[in-house]
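**Student:** Please see the structure below; I have some questions.
The values are calculated or read from the model by the stated rules, or taken from the named source; none is laboratory data. Since the structure is predicted, the reported quantities are computational estimates derived from the model, not experimental observations. In this analysis, Cβ positions are derived from the backbone assuming ideal geometry, glycine residues included, and neighbour counts consider all displayed protein chains.
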Amino acid sequence: MRSRREDHERLEQQIRSGTYQIFLDELQQRHDFLRRFHTWGDIVAFMRRGTSRDPRKDEVLRPILEAHAEDRDPRWRTILLVIFWPGLESIHFKKHHWDRLYPGELWSTILWTFLQVICRIDVKHRPDRLVQKIYNDTIHHLHDEYRRTWDRMERETNLEQEELEQLAGGVEDMGFAEVELREQQEVEVRRLRKHMEEGRISEADFLLLVGTRVYSHPLADCAREAGIAYETAKKRGQRAEAAIRRFEEKKR
């Protein structure tokens, strides 16, 4: 898996290619302000200097956003992603506590949210301060996304508590409880196996989740049996659960 730095370097390399230079040449024919820049790298450097309140930055962003709204070419989004990359990393640093359960998911959620903001923005209704608008909207919509997750987790926690209370009050025979537990474990194993067979998780992921999530074996023991480090097992389990969660949420 590539690091964020490697992803950033790859995107910066992309915008130096000839196809991206053609985009800049075409914009320069219609917008005088852009003629002072020779490459997209010059534009990126200019956009990262000074403050977001510099009105000249609107002279750069507005043509790009208008061109994107016109043809929806994904290369415009790549350019904007490179321009805003430091701002997105700043959001990631400031809001890391929003995703304590699956911290590896926060960065991908920020990128997805940013691209959604880019696709929705209407520059006709925003006369100035476009940098601040995009940055603030990304934080706002990111919070909305996590608020839905937090609300859902709270509902699930409350529901689980109610189910535990009902079980505590209704089960008199411990043998019955044991049978019920085995049945629930079998259902969960079948669910995880289906995800494995359909390619969302690997066999190693399946065995790890069955051991830790279904039969409550310590992660350290499962990691040792699999011959991998504890942190590697932890990250593998988190990625597998995230893949399953994304698929099941799409089906709702």
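**Student:** For the list (1) over 15 Å from Ser52 (Cβ atoms); (2) at pLDDT 90 or above; (3) surrounded by 17 or more Cβ atoms within 10 Å (Cβ to Cβ), I need the number of the one condition that Val123 fails.
**Tutor:** (2)
**Student:** Right, something else. Going by the structure shown, is Gln29 assigned by TED's automatic domain parsing to the domain that holds Pro127, part of a helix (DSSP H, G or I) and farther than 30 Å from Gly104 by Cβ?
**Tutor:** On the way: assigned by TED's automatic domain parsing to the domain that holds Pro127: yes; part of a helix (DSSP H, G or I): yes; farther than 30 Å from Gly104 by Cβ: yes.
Judged against the criteria, Gln29 is a match.
**Student:** Could you list all residues from region 182-219 that are among the aliphatic types (A, V, I, L, M) and more than 27 Å from Trp107 (Cβ to Cβ)?
**Tutor:** Step one: filter region 182-219 for residues among the aliphatic types (A, V, I, L, M), giving 187, 189, 192, 196, 201, 204, 207-210, 214, 219.
Residues satisfying the conditions are Val187, Val189, Leu207, Val210, Val214.
**Student:** How many residues, within region 185-224, are touching a Leu at 6+ places or on another chain (Cβ under 9 Å) and among the basic types (Lys, Arg)?
**Tutor:** Selection size over region 185-224: 1.
**Student:** When you look at Ile64, is it at pLDDT 95 or above and β-branched (Val, Ile, Thr), yes or no?
**Tutor:** For Ile64, the condition - at pLDDT 95 or above and β-branched (Val, Ile, Thr) - is met.
**Student:** Mind listing whichever residues of region 59-75 are in contact with a Leu (Cβ under 8 Å, 6 or more places away or on another chain) and not basic (Lys, Arg)? Walk me through how you get there before you give the answer.
**Tutor:** First, the residues of region 59-75 that are in contact with a Leu (Cβ under 8 Å, 6 or more places away or on another chain): 59-65, 67-68.
Glu59, Val60, Leu61, Pro63, Ile64, Leu65, Ala67, His68 - these are the residues of region 59-75 that are in contact with a Leu (Cβ under 8 Å, 6 or more places away or on another chain) and not basic (Lys, Arg).
**Student:** Under the condition of being farther than 13 Å from Arg4 by Cβ and hydroxyl-bearing (Ser, Thr, Tyr), which residue from region 82-109 is surrounded by the most Cβ atoms within 10 Å (Cβ to Cβ)?
**Tutor:** Across region 82-109, the extreme among qualifying residues is Thr109.
**Student:** While we're here: Read through the list (1) modelled with pLDDT under 95; (2) surrounded by 15 or more Cβ atoms within 10 Å (Cβ to Cβ); (3) aliphatic (A, V, I, L, M), then give the number of the only condition that Ile79 fails.
**Tutor:** The one condition Ile79 does not meet is (1).
**Student:** Would you mind telling me which numbered condition in (1) aliphatic (A, V, I, L, M); (2) in contact with a Gly (Cβ under 9 Å, 6 or more places away or on another chain); (3) modelled with pLDDT under 90 Met153 fails?
**Tutor:** Failed condition: (2).
**Student:** For Arg16, all conditions in the list (1) under 15 Å from Arg77 (Cβ atoms); (2) surrounded by 11 or more Cβ atoms within 10 Å (Cβ to Cβ) hold save one; what is the number of the exception?
**Tutor:** So Arg16 meets the others, but not (1).
**Student:** Need at least 1 residues that are within 30 Å of Ala242 (Cα to Cα) and touching a residue at least 24 places away in the same chain (Cβ under 8 Å) per element, so show me which helices (runs of 4 or more DSSP H) inside region 39-127 make the cut, counting only ones lying wholly within it.
**Tutor:** Numbers: elements: 40-47, 56-71, 74-94, 104-120.
Where helices (runs of 4 or more DSSP H) fall fully within region 39-127 and carry at least 1 residues being within 30 Å of Ala242 (Cα to Cα) and touching a residue at least 24 places away in the same chain (Cβ under 8 Å), they are 74-94, 104-120.
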